[in-house]
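In what follows, a structure is listed as structure tokens, so that the remarks can point back to it.
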Amino acid sequence: MGLQELERDGWILACPFCGKDIRYTLINNQQIPVPFFYAENGNDVLLRKQDELKVEEVFRDAQGATPNIDLLERLWLRILEDTPEAPCGGKYGLWANVKCPNCTREIPYNDGIRNISRRVNEPKIVLVDGAVLVRDSVESSWRVKVKIKTNT
């Protein structure tokens, strides 16, 4: 897959399991709730405009009220039923998290506590160096390159 490269400033975190460096960057998910999903077998992230539009429709139908969290959870699960295979292979998951690219262990989200309200309203998307940010088409998808600023 010949993808464009998305170069972003980022940080380094030591993996809590193997201690090796993980380069990552963050995207502010400013118009929450916006559905995004991590791959179950890697660090690819699905973030499509078509899914965002489904959420906007639910909010329009609510006529100014905040939609029930159960309704939003069902929407997230429905969206997952219609996702492509992740570039790294496998599926995307509601509770999938970022993994160490070295030891491949998943780094627990929210200390491992599954809270649907927090998950649906997550304000930050973590992008790991080398992951693919999957958008609505191959042409609008990106391979993530994290650059670390040094003080030299």
Projected area averaged over orientations for the chain, convex hull of C-alpha atoms, nm²: 10.0 nm²
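For the pairs Lys49/Lys149; Lys91/Lys149; Lys99/Lys145, flag any whose C-alpha to C-alpha distance is greater than 23 Å. Kindly include the intermediate steps, with their values, before the conclusion.
On the way: Lys49/Lys149 31 Å; Lys91/Lys149 33 Å; Lys99/Lys145 16 Å.
Over 23 Å Cα-Cα: Lys49/Lys149; Lys91/Lys149.
Using Cα-Cα distances under 8 Å and only pairs 6 or more residues apart, what relative contact order does region 22-83 have, in percent? Can you show the working numbers first?
Numbers: 29 pairs, mean separation 13.6, N = 62.
Contact order relative to length: 22 percent.
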Inter-site label distance for Phe17 and Gln50 at 7 Å from Cα along Cβ, in nm: 3.2 nm
Residues Phe17, Phe37, sorted so that the one with the fewest Cβ neighbours within 10 Å comes first: Phe17, Phe37
Free-standing Cys residues across the chain, given no other cysteine C-beta under 4.7 angstrom: Cys88
Three-way shape call for region 64-121 based on the alpha-carbon gyration tensor, with the a/c threshold at 1.5: oblate
Peptides 57-66, 81-90, 118-127 ordered by average Cβ neighbours within 10 Å, highest first: 118-127, 81-90, 57-66
Label-zone membership for region 124-152, site Gln30, 7 angstrom Cα→C-beta point, backbone N under 19 Å: 124-127
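Based on Cβ point charges of +1 for Lys and Arg and -1 for Asp and Glu, what charge dipole magnitude is obtained for the chain about its Cα centre, in debye rounded to the nearest 20? Could the numbers behind the result be given before it?
Values: 21 positive and 22 negative charges, 95 e Å.
Rounded to the nearest 20 debye, it is 460 debye.
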Cβ-derived FRET efficiency at R0 25 Å, Asn110 paired with Ala62, nearest 0.05: 0.45
Neighbour-count ranking [beta-carbon atoms within 10 angstrom, fewest first] of Asp129, Asp111: Asp111, Asp129
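Since every read-out is calculated from the coordinates, none of them should be taken as a lab result. Since the structure is predicted, the reported quantities are computational estimates derived from the model, not experimental observations. With ideal geometry, Cβ positions are generated from the backbone for all residues, glycine too; neighbour counts draw on all protein chains shown.
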